[in-house]
1. Quick one: in the stretch 28-48, of everything that is part of a helix (DSSP H, G or I) and hydrophobic (A, V, I, L, M, F, W, C), which residue is farthest from Thr146 (Cα to Cα)?
2. Filter the stretch 70-85 down to residues that are surrounded by fewer than 20 Cβ atoms within 10 Å (Cβ to Cβ) and closer than 23 Å to Thr43 by Cβ, then give me how many there are.
3. Do any residues in the stretch 33-48 that are closer than 15 Å to Lys207 by Cα have Cβ atoms under 7 Å from those of residues that are assigned to a helix (DSSP H, G or I), where the two are at least six apart or on different chains, and which pairs are they?
4. What are the residue pairs meeting all of these: first residue in the stretch 130-149, first residue under 13 Å from Leu49 (Cα atoms), second residue of a type in the set (D, E, K, R), Cβ atoms under 6 Å, and 6 or more apart or on different chains?
5. Just to be sure I understand, how many residues within the stretch 62-98 are touching a residue at least 40 places away in the same chain (Cβ under 8 Å), part of a strand (DSSP E or B) and in contact with an Asp or Glu (Cβ under 6 Å, 6 or more places away or on another chain)?
6. Check off (1) touching a residue at least 12 places away in the same chain (Cβ under 8 Å); (2) out of contact with any helix residue (DSSP H, G or I) (no Cβ under 7 Å at 6 or more places or on another chain) for Leu9 and give me the number that stays unchecked.
7. Give the stretch 175-191 a look and list any residue that's among the hydroxyl-bearing types (Ser, Thr, Tyr) and in a helix (DSSP H, G or I), or say none.
8. Tell me which residues, restricted to the stretch 192-202, are under 15 Å from Val36 (Cβ atoms) and either without any contact (Cβ under 8 Å) to a residue 60 or more places away in the chain or part of a loop (DSSP other than H, G, I, E, B) (or both).
Amino acid sequence: MEWELLVLLYESRLWRRSFLWQGLLGLTFEKEYSMVASALELTSAHRVLDLACGPGIYARRFAAELPMAAVTGIDLSWPMLRYAANRSRKARIDNLALVRGDATDLPFRKELFEAVNCCGALHLFPDVGRTLIEVRRVLKGGGRLTLAVFRCGEGAVAQARARIRKTLYGIGSFSRPDLASRLEAAGFIEPRCLHSTGLWLVMSAQKELPSVGADAGQSVSTRGVRR
C-alpha cells in the first residue's frame with residue numbers, strides 16, 4: 001500500500017472498479033457502498049470514521065454526502081493519505097480529516113464516533129481482535145460498524161487453505177461464522193451478513209446502547225495530513 005502506482009490505480013477501472021474485481025467480489029463498488037451506507041445509518045451520524053481509508057474511496061464520499069458531519073479517515077500509508085488529501089482538496093471537501101495511525105492503537109478518545117467503516121483492510125491487520133476492541137472503544141453506544149473482508153469457506157479444507165495463504169502472503173480471510181464470532185468476542189452485538197459471495201464478505205455489527213451516565217467522546221486527535 002506504499003507503492004505510488006498502486007495508489008493511483010486503486011479506485012480506477014483497472015482495479016477496485018474493474019469488471020474483473022466486481023466478478024471476483026460478486027458485487028459492484030456502488031452496490032457495496034449503498035449497503036454499507038445503509039447499515040451505518042449515516043444520515044443520523046455526526047462523526048464518522050473510515051478505518052484504513054486508503055485513497056479515500058469511502059471517506060471522501062462520506063464527507064461529500066454528509067456536509068454537516070465530521071468525517072475522519074485513518075491509514076498507515078502516507079502515499080494513500082496524500083492522494084486522499086489531494087483529491088479532497090480538488091473536490092473542495094472541507095469536512096474530512098486525514099490521520100496517519102495504527103488500527104490497533106487508534107489515536108481517538110473513547111465513544112467519539114457514531115459510525116465506523118473498514119472495507120478492504122481487516123484481512124491485512126496482524127491483530128484482528130485488538131483492532132475490533134479498539135473500534136468498539138471509539139464507537140458511541142448504539143454506534144455501528146461495517147466491514148468488508150476477503151471471504152473463505154467454512155469447511156476444514158477451505159480453512160486450511162486460508163491458513164496457508166495467511167502464512168505465505170500475510171493476507172487473511174474469514175468465513176461468515178468466524179467473523180461473527182470475532183465481532184462478538186470483541187463485545188459487538190447483532191453481527192449481520194450483508195453480502196457473502198465469491199471472494200468478498202460484508203458484515204455489520206453494533207455496539208450496545210450506553211448505560212446511564214456514560215460519558216461521550218470528545219475531540220479527535222490533531223495528528224494527520226494537513227490539506
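1. Residues of the stretch 28-48 that are part of a helix (DSSP H, G or I), as a first pass: 29-40, 42-44.
If we keep only those that are hydrophobic (A, V, I, L, M, F, W, C) too, we end up with 29, 35-37, 39-40, 42.
Values: Phe29: 15, Met35: 9, Val36: 6, Ala37: 9, Ala39: 7, Leu40: 7, Leu42: 11 Å.
Top of the filtered list is Phe29.
2. Total meeting the criteria: 1.
3. Hits for this filter: Val48/Leu42; Val48/Phe62.
4. Listed pairs, sorted by first residue: Arg136/Lys207; Arg137/Lys110; Leu139/Lys207; Lys140/Glu111; Lys140/Glu114; Gly143/Glu114; Gly143/Lys207.
5. Total satisfying the criteria: 0.
6. That leaves (1) as the condition not met.
7. Step one: list which residues in the stretch 175-191 are among the hydroxyl-bearing types (Ser, Thr, Tyr), which gives 175, 181.
Selection gives Ser181 alone.
8. Step one: filter the stretch 192-202 for residues under 15 Å from Val36 (Cβ atoms), giving 192-196, 200-202.
Correct list: Cys193, Ser196, Leu201.
The values are calculated or read from the model by the stated rules, or taken from the named source; none is laboratory data. Quantities reported herein were computed from a predicted structural model and do not represent experimental measurements. Note: ideal-geometry Cβ built from the backbone for every residue, glycine included; neighbour counts use all protein chains shown.
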